[in-house]
Each structure stands twice: as structure tokens, then as C-alpha cells.
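Take a look at the structure below.
Read-outs: derived from the displayed coordinates by stated rules, not from any lab. Everything numeric in this text was worked out from a predicted model, so none of it was measured. Virtual Cβ from ideal backbone geometry, glycine too; neighbours counted across all protein chains shown.
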Amino acid sequence: MNKDLWQPSATIETLHQRGKMLAAIRQFFADKAVLEVDVPVLSQAAVCDPFIDTMRVEYRHFVEDSPIDYFLQSSPEYAMKRLLAAGSGCIYQMSKVFRNGEIGHRHNPEFTMLEWYRLGFDEQQLMDEVSALIEAVTGIGDFSRIRYTALFKRYLGLDIDSASDAQLAQTMREHIEVSGDYDRDGWLNLLMSHCIEPKLTGAVFIYDYPASQAALARVKIDEQGVAVAARFELFIDGVELANGYHELTDSQEQAKRFAADQSQRQQLALPQRPLESRLVAALSHGMPDCAGVALGVDRLLMLALGKDHIKQVMPFDITRA
């Protein structure tokens, strides 16, 4: 261990600015009477999303006992939804979350996530509130919105409603050399991350994602009669900052999606994780109609302060932890 790494990765001035921003976020929700909650970091279940690797830890009731597997939360979402089903009302949490295999200029394995849920909101109303929060904290006030399909037409000239998987692959390979093959969503994700996101300027909400990318959002029928996910993402100057849903409340559909994710993990030879059956039970009990969003606080501070590395806005990054 390098003894020279005792100092913080962010400057003390930046940490003062960070503290002021966290206080401003809490004040924003206090003014709206949204309850701050503090759900556990440890869970007996793990997210089954094939693209997130949850950190596993060992717990013993007594030191001589055999270990029990627990998982560090990659998001407080499941536990927060259990609170919603129990009657909490509108809630938010700002806490540490953990993800394996995520390190770089915009990623640290341990980072701060802001997540909140608003009863009676749909995804459009929640986009309004995300805009208001960011403006209150950073001063950024100019936001645009574009549908997912319109985004591909604007930047790549692709009509993804009619384009075949082969056409998506060809378009991708015209821009960047890609080895291997992918399913439809795989090609769409590559085109988004490599060809579209770098071109995004300003604050842009992308909404009405393909139904196959609904994750934990409900699926709706758009004006053209096409099934789409009631989901949005916010990018600021090409940096993904927030991901929101008009939340799924159907317990049977949630169970099917968990099973599909677990099946995909198996096909990809990824570790099988215990499914969060308590969330399915909570939805069966009844979760109120709501919209929810997760926002990366460290990235928000990076944008607000003009920093180009996440370690510059946190007290100690992974190399100094």
C-alpha cells in the first residue's frame, strides 16, 4: 500500500462545494415534503441485470459460524419500492452504491446515487422535476427532449422501427470495427454509446425507449401504436446522468422480467444471483402508481464544476480507499 496516497483525491475546496450541493439537494426535497429514507446497503438478494455485477460479501452471526452471502446494493430501488408498497408516500435517498467492474473517468466502484419516487407522476412529469432539481443545484436551465426513434433518425438516418438487425450491424460497422455478433438491443446499445452519445450537446432527455429495454418501467402504446418503454435517460454533453421510469407495478410481469434476466445471465455464463422475491411480494400487495429516477451525484458535480475525472469530486476514490 502506497503511504503517499493518504490524501484525498478531491481538493478541500471541491469537497466544500460537494457538501453545499448535497445540502441543496436535500433542501429541494424538503421544500416538496418528500421524505428522506435510508434503506440497508446490504441485501440477501442482488440485482439480476446482466449488465451489472453486484459485489458479494460474507456475513457471520458469530465469527465461528459459516458465512452467509449478502450483496452490496447497486441501487436502493428494490428496498425503496418495498417502502412505497408499505405506504411511505413520496421518498428519496442519497446514498453509496457499489458495482463491480466499473472504473474509469466517469466510474468508481463505490459512488453516490440519488434516487427518488413521486406518487401520481408519469415519466414526463418526472422529467420536469429532474430539470428543476438540476437547475436548482447547478444553474443549468435549458433542457430538450427527443424520442429514442427520432434520435436514431437525426444522428444516423436510421428508422429503427423498420431496420433489420443486419442493417443495425452494418451501420455500426461503418462507424467502428466491431468483432462478434449481438442481438438487436446489443446493436442499438452500441450505436447509442459509440455513435450518438458523443454527439449530444447540452442537456437532453431521451424517452420512449424500445419495449425490450423497459427494465423496471411499464410498457405503453405510443401515438403510432407501437409498444414502448415508459422510460427516459438524461444526458448532459454526452454524459449519462439519470435514468427514470414510470414504474412497473404488475407483480406477475415483474417476476417474468426477473426470470428473463436470470436466464440471460445463465446464457452469458454470468453468476446466478438470488432473486428479490420480496419486491414481487410487495407489488402483489400493491404499489401505488408512481415514477422514479436514479441520478449519479458524482457525475452531476463533475458537470457543475467542470471536472473531467470522477476522483476529482469524491473524498477518496478506489485507489485511495
Which value in nm describes the separation of the simple spin-label points at Ala30 and Ala150, placed 7 Å from the Cα toward the beta carbon? 3.9
Which whole-angstrom value gives the distance between the alpha carbon centres of the range 298-321 and the range 1-27? 8
For Glu36, what is the net charge nearby, where nearby means another residue's Cβ is under 13 Å from its Cβ and Lys, Arg count +1, Asp, Glu -1? -1
Mind checking which of Leu35, Leu72, Leu216 has the largest fluctuation in a GNM of the chain, springs on alpha carbons under 10 Å? Leu35
Suppose we keep just the DSSP beta bridges with both residues in the range 141-253; what percent of those would be antiparallel, to 5? 75
Principal semi-axes in Å for the chain [√(5λ), Cα gyration tensor, largest first]: 29, 25, 23
Given the options Gln17, Gln224, Gln167, state which has the largest fluctuation in a GNM of the chain using a 10 Å cut-off (strictly under) for Cα springs. Gln224
q = 0.11, 0.18, 0.24 Å⁻¹, the range 161-231: log10 I(q)/I(0) [Debye, one scatterer per Cα]: -0.32, -0.83, -1.15
Viscosity 1.567 mPa s, temperature 4 °C: Stokes-Einstein D of the range 25-77 from its Kirkwood Cα radius, in µm² per second? 95
Sites Leu15 and Asn189, calculated FRET efficiency, Cβ-Cβ separation with R0 25 Å, nearest 0.05: 0.10
Quick one: if you stick a label point 7 Å off each Cα along the C-beta vector at Ala269 and Ile103, how many nm between them? 2.3
How big is Rg to Rh over the range 56-207, alpha-carbon atoms, Rh as the Kirkwood inverse-mean-distance radius? 1.06
So what is the relative contact order of the range 164-263, in percent, for Cα pairs below 8 Å that sit 6 or more residues apart? 22
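How large is the convex hull of the Cα atoms of the range 206-320 per residue, expressed in Å³ as a whole number?
174
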CD proxy at 222 nm, helix term only [per DSSP H run n ≥ 4: -39500 (n - 2.57); per residue of the chain; nearest 500]: -10500 deg cm²/dmol
Please report the antiparallel percentage of the DSSP beta bridges confined to the chain, to the nearest 5. 85
A convex hull over the alpha carbons of the range 1-135 yields, per residue, a volume in Å³ of 184
Exposure rule at most 16 other beta-carbon atoms within 10 Å, DSSP loop GluC sites (Glu not before Pro): the chain longest free segment: 224-321
Determine the principal axes of the Cα atoms in the range 244-290, then give the extent along each, sorted from largest to smallest and rounded to whole angstroms. 36, 21, 14
